[in-house]
Amino acid sequence: SQTIHQWPATLVQPVGSPLSLECTVEGTSNPNLYWYRQAAGRGLQLLFYSIGIDQISSEVPQNLSASRPQDRQFILSSKKLLLSDSGFYLCAWSWTGANTEAFFGQGTRLTVV
Amino acid sequence: GENVEQHPSTLSVQEGDSAVIKCTYSDSASNYFPWYKQELGKRPQLIIDIRSNVGEKKDQRIAVTLNKTAKHFSLHITETQPEDSAVYFCAASRARDFNKFYFGSGTKLNVKP
């Protein structure tokens, strides 16, 4: 069976510090990978998606970047965090076929202070 | 890009009553519509989905209807129970678009015992 791991679960970082959130998927190969952000009381906003190693697309301009150094590893980064980067970050994966559900990681609650 | 709107933002019902959550989408090319349930502090999980070649789908107490002409779809929960209390998100995605999901803003459902 497939599992998705995301860490850390919570993170408090000062403004201007770097960020690295990691996500790995087990039990499948060549999955589509996604990073979503959920602001307090809001819906999920797609930040990045990837269809393969080193193939990253950004949905919205922002202070963050993503990388996929290995097939089942997806990393969300920032060089300098802003207060507005606070939120609940969710990694997800899906099969590469069309119209299939997304499976979410447990999420990381990031608070920038 | 796709824009998904969801109403209401909060919904309070008495245990045993029905709950209906409605979503509209803007992109006529969208053809897959999942619904996710998110309990407090946890990851979203798929509860039901519908594809554009189907007008209605039911799974026990949960049903989803889709009106492609009007570009709206709805979630129906019958005989609500306290454990149905959560935030529900609708989403839409297009074929051949890497399963990117565009989410509604969420509905917080409170089922009062």
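Here are a few things to note about the model shown:
- Subtracting the Cα-Cα distance of B:GLU5 and B:LYS71 from their residue separation scaled by 0.36 nm leaves 22.7 nm.
- Cross-link reach list, aspartates and glutamates versus B:LYS57, counting only Cα pairs under 12 Å and skipping chain neighbours closer than eight places: B:ASP49
- Per-residue accessible area (protein heavy atoms, 1.4 Å probe) orders A:THR24, A:THR10, B:THR78, A:THR108 as A:THR10, B:THR78, A:THR24, A:THR108, starting from the largest.
- Two-site FRET efficiency, A:ASP54 against B:LYS108, from Cβ-Cβ distance with R₀ of 35 Å, rounded to 0.05: 0.35
- The B-A contact accounts for roughly 1900 square angstrom of buried accessible surface, both chains included, probe 1.4 angstrom.
- Rounded if a/c under 1.5, otherwise prolate or oblate - the protein assembly as shown, Cα gyration tensor axes: prolate
- For peptide B:94-107, the mean count of partner chain Cβ atoms within 10 Å of a residue's Cβ comes to 5.
- With a cut-off of 11 Å between beta carbons, the residues surrounding B:TRP35 carry a summed charge of -1, where Lys and Arg count +1 and Asp and Glu -1.
- Within straight-line cross-link reach of B:LYS42, lysines at Cα separation under 19 Å, skipping those fewer than 8 residues along the same chain: B:LYS108
- Short-range pairs are left out: with C-alpha atoms under 8 Å and at least six residues apart, the relative contact order of region A:1-93 is 36 percent.
- By a 1.4 Å probe calculation restricted to protein chains, A:TRP7 has an accessible surface near 110 Å², given to the nearest 10.
- Length added when fully stretched, A:SER84-A:ALA40, from 0.36 nm per residue minus Cα-Cα: 14.7 nm
- FRET E, pair A:GLN70, A:TRP95, Förster distance 25 Å, beta-carbon r, rounded to 0.05: 0.85
- Solvent-accessible surface ranking, highest first, for B:ILE48, A:ILE53 at 1.4 angstrom: A:ILE53, B:ILE48
- Cα pair count fraction exceeding 22 Å, expressed as % - chain A: 26
The values are calculated or read from the model by the stated rules, or taken from the named source; none is laboratory data. Everything numeric here is computed off the predicted structure, so don't read it as measured data. Please note: Cβ atoms are built from the backbone with ideal geometry, for glycine as well, and neighbour counts cover all protein chains shown. Protein only, heavy atoms only, side chains kept; ligands, DNA and RNA dropped before computing areas. Shrake-Rupley method; radii C 1.70, N 1.55, O 1.52, S 1.80 Å.
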